[in-house]
Amino acid sequence: MRNLKELAKSFFKIGLFGFGGGVGMLALLRNECVTKKKYITDDELCTAVAIGQMLPGPFIPNYSEYIGYHLFGLRGSIVAAGALLLPSFVLMIILSWFYLTYQSLPGVEQLFKGIGVSMTSILLWASYDMAKVLIKDIKGVIIFIFALALFLIRIDPILTVLICGGLKITLDHIKTAAGVLCAVPLFAFDGKKAIDLAGIFIKIGAIIFGGGYGAIPFIKNEVCNVRPWLTPKEFLDGVALGQMTPGPVAITATFVGFKVMGIPGAIIATIGIFLPSFLMLMVLIKIYRKIRSNRYVVSFFDGVKSAVVAILLSTGIVFITMNWIDISYGIFGLGVLLVLVFLRIEPIFLIIAGAVFGLVVG
């Protein structure tokens with residue numbers, strides 16, 4: 001039976017094991033919400049991706065908020081986002097304290113190298129599994145190949161998703177489609193500093209597109225150049241911690257807030273960077289529900305389906321070049337992929353296995 005408690009448990013698990021950035025979390029999100037719990041269908045997940053990509057800020061919280069709203073309205077959206085971000089928020093607080101106290105995190109690099117191998121396999125498996133469901137005709141294959149090429153040459157994901165939606169409209173409703181396709185520690189609370197901190201991250205969360213990575217240079221400018229809150233080295237180390245933790249890379253905001261004002265600052269910065277896209281999503285969902293039966297809207301989201309599969313596969317290919325270079329890691333990664341395809345073991349167990357493997361081999 002679906003209820004808010006079950007929803008919170010599902011998204012907490014995704015947030016706890018969601019290594020590999022936004023796309024890695026997308027694979028786990030699909031496994032939990034589509035394959036296992038059946039909260040939504042693959043079609044509805046693609047709608048969440050399309051709408052989430054159109055909004056500023058980190059993508060995965062946008063997708064999660066959409067799913068929560070789809071199931072339980074505003075309460076569901078808040079619960080899904082909160083449960084998703086809680087594990088990475090808490091872990092970032094702990095890692096920030098260790099880093100700022102001891103300036104090192106021994107053994108962590110080996111741990112996350114092994115996790116990266118498993119996440120690569122999970123991405124490849126998810127793209128294969130999703131393609132079987134979503135790509136049903138030659139039009140879908142054409143758009144998938146086109147999107148994959150764009151992602152591999154590093155074209156902006158938002159632009160690629162929009163182009164793929166437009167291509168499907170063209171293929172479905174314009175006879176000259178073929179020609180078109182060929183052409184194209186806790187500090188004393190400081191109210192003034194708190195307001196300043198909140199303003200920075202709300203501003204960044206409202207205007208930065210391109211996911212969590214897109215926010216990094218803007219955060220650096222605000223907290224290293226405009227304000228002497230962090231040194232460049234501290235900021236870069238904070239970004240590294242954000243990549244080590246599960247959840248979106250934008251959780252780096254938690255590190256900045258913690259450094260500036262301790263735990264209150266971490267809370268302010270975290271809420272600030274995710275709040276604007278949450279509010280925009282509520283408006284966009286209302287608009288979408290009024291126009292979703294329009295034939296052009298239907299075609300657009302059909303095109304997005306192929307682009308989502310391409311996102312997963314292209315990221316998996318890039319991860320291979322990063323995580324499978326050493327022979328031992330490559331063999332382990334292939335083993336994980338075969339287990340996923342043929343045995344259907346819960347991906348979370350394979351992430352844990354990757355962490356253990358990384359520690360042993362490292």
Note to self: It is to be established whether one or more residues within segment 126-135 are modelled with pLDDT under 80, surrounded by 18 or more Cβ atoms within 10 Å (Cβ to Cβ) and hydrophobic (A, V, I, L, M, F, W, C).
What the structure shows: no
Check: Could you list, in sequence order, the residues of segment 282-309 that are under 16 Å from the mean Cα position of the chain (by Cα) and more than 30 Å from Val336 (Cβ to Cβ)?
Finding: none
Checklist line | Whichever residue in segment 78-103 is more than 23 Å from Gly57 (Cα to Cα) and of a type in the set (Ser, Thr, Tyr) and, among such residues, is surrounded by the most Cβ atoms within 10 Å (Cβ to Cβ) | finding: Tyr99
Notebook entry, point to check: Can you tell me which residues in segment 248-265 are surrounded by fewer than 24 Cβ atoms within 10 Å (Cβ to Cβ) and either closer than 14 Å to Leu85 by Cα or touching a Pro at 6+ places or on another chain (Cβ under 8 Å) (or both)?
Noted result: Val249, Gly262
Next item on the list: Kindly establish whether Ser277 is part of a helix (DSSP H, G or I) and either at pLDDT 85 or above or more than 15 Å from the chain's Cα centre (by Cα) (or both).
Entry: yes
Note to self: Tell me the residue from Leu312, Leu338, Leu350, Leu343 that is at pLDDT below 85 and more than 24 Å from the chain's Cα centre (by Cα), please.
What the structure shows: Leu343
Next item on the list: Looking at (1) surrounded by 23 or more Cβ atoms within 10 Å (Cβ to Cβ); (2) more than 17 Å from the chain's Cα centre (by Cα), find the lone condition where Phe17 falls short.
Entry: (2)
Check: Among the residues of segment 20-51, which ones are small (Gly, Ala, Ser) and more than 10 Å from the chain's Cα centre (by Cα)?
Finding: Ala48, Ala50
Next item on the list: May I ask you to verify whether Ile155 is part of a helix (DSSP H, G or I) and at pLDDT 70 or above?
Entry: no
Item checked: Exclusive hit being out of contact with any His (no Cβ under 6 Å at 6 or more places or on another chain) and either in a helix (DSSP H, G or I) or at pLDDT 85 or above (or both), set Lys175, Lys233 -> Lys233
Item checked: Residue match in segment 34-49 (condition: over 23 Å from Phe301 (Cα atoms), of a type in the set (S, T, N, Q) and at pLDDT below 90) -> no
Item checked: Only one of Ile345, Ile351, Ile311, Ile320 that is surrounded by fewer than 16 Cβ atoms within 10 Å (Cβ to Cβ) and either more than 30 Å from Leu159 (Cα to Cα) or of a type in the set (A, V, I, L, M, F, W, C) (or both) -> Ile345
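The values are calculated or read from the model by the stated rules, or taken from the named source; none is laboratory data. Predicted model only: the values in this text are computed from it and were never measured. No Cβ is skipped: glycine too gets one built from the backbone with ideal geometry, and neighbour counts run over all protein chains shown.
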